[in-house]
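The values are calculated or read from the model by the stated rules, or taken from the named source; none is laboratory data. Please read these numbers as outputs of a predicted model, since none were measured by experiment. Here Cβ is always computed from backbone atoms with ideal geometry, including for glycine, and neighbour counts include all displayed protein chains.
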Amino acid sequence: MSRALLKFVRVSPTKARLVAREVQGMNAELALASLQFMPNKAAEIISGVIASAVANGGYEPEEVVVTSCRVDKASYMKRWRPRARGTASRILKPTSHILVEVAPASKNDGKDA
């Protein structure tokens, strides 16, 4: 099993979790192919993390399965916007930590059922 972790990426964890749930349990090659055609910003980021996890283990994408794709909340980037009468309001820009774990696929994944 190998893993890859991308920290403080500038994407909302809520939006990234929608994409992460789609690829859990998929073959890595199929996951990379499906993420390529998703319009989300998080899809491109998660695709890179999956490719990194596969390379970290020295595997080929068709040999492994995405066992876990987790998106955790990181700190917020805090910004200020000027408002009326000399005041300011706060803007919170969320960031995420993305963890992907891949493991070699077993020989008979659903083939003899």
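Identify, from the list Thr95, Thr67, the residue that is surrounded by fewer than 20 Cβ atoms within 10 Å (Cβ to Cβ), closer than 22 Å to Met1 by Cα and among the polar types (S, T, N, Q).
Working: Thr95 fails: closer than 22 Å to Met1 by Cα.
That would be Thr67, the only listed residue that is surrounded by fewer than 20 Cβ atoms within 10 Å (Cβ to Cβ), closer than 22 Å to Met1 by Cα and among the polar types (S, T, N, Q).
Out of curiosity, is Lys7 touching a Lys or Arg at 6+ places or on another chain (Cβ under 8 Å), surrounded by fewer than 17 Cβ atoms within 10 Å (Cβ to Cβ), of a type outside the set (Ser, Thr, Tyr) and farther than 11 Å from Val100 by Cα? So that I can check it myself, show each step before the final result.
Working: touching a Lys or Arg at 6+ places or on another chain (Cβ under 8 Å): no; surrounded by fewer than 17 Cβ atoms within 10 Å (Cβ to Cβ): yes; of a type outside the set (Ser, Thr, Tyr): yes; farther than 11 Å from Val100 by Cα: yes.
Considered against the rule, which asks whether it is touching a Lys or Arg at 6+ places or on another chain (Cβ under 8 Å), surrounded by fewer than 17 Cβ atoms within 10 Å (Cβ to Cβ), of a type outside the set (Ser, Thr, Tyr) and farther than 11 Å from Val100 by Cα, Lys7 comes out as no.
Among Ser2, Ser52, which is touching a residue at least 24 places away in the same chain (Cβ under 8 Å) and within 18 Å of Ser106 (Cβ to Cβ)?
Values: Ser52 fails: within 18 Å of Ser106 (Cβ to Cβ).
Result: Ser2 is the single residue among Ser2, Ser52 that is touching a residue at least 24 places away in the same chain (Cβ under 8 Å) and within 18 Å of Ser106 (Cβ to Cβ).
Among (1) small (Gly, Ala, Ser); (2) at pLDDT 95 or above; (3) surrounded by fewer than 13 Cβ atoms within 10 Å (Cβ to Cβ); (4) under 24 Å from Ala4 (Cα atoms), there is one condition Ser106 misses while meeting the rest; what is its number?
Every listed condition holds for Ser106 apart from (2).
Within the stretch 24-43, work out how many residues are surrounded by 15 or more Cβ atoms within 10 Å (Cβ to Cβ) and without any contact (Cβ under 8 Å) to a residue 12 or more places away in the chain.
Of the residues in the stretch 24-43, 0 are surrounded by 15 or more Cβ atoms within 10 Å (Cβ to Cβ) and without any contact (Cβ under 8 Å) to a residue 12 or more places away in the chain.
Identify the residue in the stretch 1-41 that is under 18 Å from Thr67 (Cβ atoms) and of a type in the set (Val, Ile, Thr) and, among all such residues, is nearest to the chain's Cα centre (by Cα).
Result: Val19.
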